[in-house]
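Trainee: Submitted below is the structure of interest, expressed as structure tokens.
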Amino acid sequence: MYRENPLSKLELFKETRPETLQQLWRQGKVKLFPKQCVVMRAREPLKSVYIQLTGKSIIYNLTHNGKRKIIFIFGTGTLLNEHVLDTHNGSLFCETIETSRIFVISVCHFLELMEKDFGLTKAVLVAQEKKVWRMGHQLKNTMGSIYMERKLAAKLWKLSRDFGKGTQEGIEIDINLSITFLADMLGAPRETTSRLCGTLADLGLIRMERKRITILDADRMSRFYKTGQINEEL
């Protein structure tokens, strides 16, 4: 499918030796996952390591009420696993939200290469540290001191930075974002989320059309989620 090893182009593996990447490529394979396909399940043994090549996937968990709570949205070049050791079962779910090509390699082969190349080990450590940092940032924004409108604004601003594309109107988030999907991200009821989206639209911060959201002014959006103000104080 690929004429060259796409792993060598990923920022994730910038410090991994070329020969290690070639071994990874030979021992793994690229699998095509359709939209809404569960890649990993909580409480199931970990047998493979998954790296997103194209498309997008979400990491989520289920609440005690059985509702989905989306934790991360990941795109190209992401290590999807929460861990790479096979000593215990996973605790999170991973599901594609677009047709995705994902590189899959067995845990045992991946660990063998980690032992031989610290660059690969460092890549895993850096990837997991970024997830921990993002999780800490999310927890800070879920405290009761931040209003729900600002919480939603923060998430949309982050998505526009990670998955945005410039348009004449602003920055369009290149993900289909239904009200249900956003509710799962916020951990809020669907009705509440719909009202929050309406509030941000009324403030002139976003435009919504057929599950596509455009951030009309990234600076104003950033100011709003950080301070609750839209315009700079004179």
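The values are calculated or read from the model by the stated rules, or taken from the named source; none is laboratory data. Small disclaimer: the values here were computed from a predicted structure and weren't measured. Here the Cβ is made from the backbone with ideal geometry for all residues, glycine too, and neighbour counts use every protein chain on show. Surface areas here come from the heavy atoms of the whole protein model, side chains and all, with no ligands, DNA or RNA. Shrake-Rupley method; radii C 1.70, N 1.55, O 1.52, S 1.80 Å.
Trainee: I'd like to verify a number: residues in segment 1-17 that are farther than 20 Å from Ile58 by Cβ and open to solvent by less than 90 Å² (accessible area, probe 1.4 Å), how many?
Mentor: 7
Trainee: Now a separate question. Pull out all pairs, ordered by first then second residue, where Cβ-Cβ is under 6 Å, the residues are six or more apart or on different chains, the first lies in segment 105-127 and is free of Cβ contacts under 8 Å to residues at least 24 places away in the same chain, and the second is part of a helix (DSSP H, G or I) and open to solvent by 10 Å² or more (accessible area, probe 1.4 Å).
Mentor: Close Cβ pairs satisfying both conditions: Thr121/Met114.
Trainee: Let me ask another. What are the residues in segment 147-190 that are farther than 16 Å from Arg207 by Cα, of a type in the set (Asp, Glu) and touching a Phe, Trp or Tyr at 6+ places or on another chain (Cβ under 8 Å), if any?
Mentor: Of everything in segment 147-190, just one residue is farther than 16 Å from Arg207 by Cα, of a type in the set (Asp, Glu) and touching a Phe, Trp or Tyr at 6+ places or on another chain (Cβ under 8 Å), namely Asp184.
Trainee: Next question, about the same structure. Listed residues Val104, Val84, Val38, Val30; which is touching a Ser or Thr at 6+ places or on another chain (Cβ under 7 Å) and of a type in the set (A, V, I, L, M, F, W, C)?
Mentor: Step by step, each of Val104, Val84, Val38, Val30 is checked, and only Val104 is touching a Ser or Thr at 6+ places or on another chain (Cβ under 7 Å) and of a type in the set (A, V, I, L, M, F, W, C).
Trainee: Also: Among the residues of segment 75-86, is any open to solvent by 10 Å² or more (accessible area, probe 1.4 Å) and assigned to a helix (DSSP H, G or I)?
Mentor: no
Trainee: Still on this structure, please answer the following. Which ones in segment 30-62 are part of a loop (DSSP other than H, G, I, E, B) and surrounded by fewer than 20 Cβ atoms within 10 Å (Cβ to Cβ)?
Mentor: The answer is Pro34, Lys35, Gln36, Cys37, Arg41, Ala42, Arg43, Glu44, Pro45, Leu46, Lys47, Gly55.
Trainee: Being within 20 Å of Glu112 (Cβ to Cβ), at pLDDT 95 or above, surrounded by fewer than 19 Cβ atoms within 10 Å (Cβ to Cβ) and not aromatic (Phe, Trp, Tyr): is that true of Gln27 here?
Mentor: yes
Trainee: Can I ask one more? Please tell me if Phe93 is crowded, with 17+ Cβ neighbours inside 10 Å and more than 16 Å from the chain's Cα centre (by Cα).
Mentor: So Phe93 does not fit the description; no.
Trainee: Pick from Leu113, Leu159: which is aliphatic (A, V, I, L, M) and in contact with a strand residue (DSSP E or B) (Cβ under 8 Å, 6 or more places away or on another chain)?
Mentor: That would be Leu159, the only listed residue that is aliphatic (A, V, I, L, M) and in contact with a strand residue (DSSP E or B) (Cβ under 8 Å, 6 or more places away or on another chain).
Trainee: Within segment 198-212, can you find the residues that are in contact with a helix residue (DSSP H, G or I) (Cβ under 7 Å, 6 or more places away or on another chain), in contact (Cβ under 8 Å) with a residue 12 or more places away in the chain and closer than 30 Å to Thr54 by Cα?
Mentor: Leu205, Ile206, Arg207
Trainee: Take Glu82 and tell me if it is among the acidic types (Asp, Glu), closer than 19 Å to Glu129 by Cα and out of contact with any Pro (no Cβ under 6 Å at 6 or more places or on another chain).
Mentor: yes
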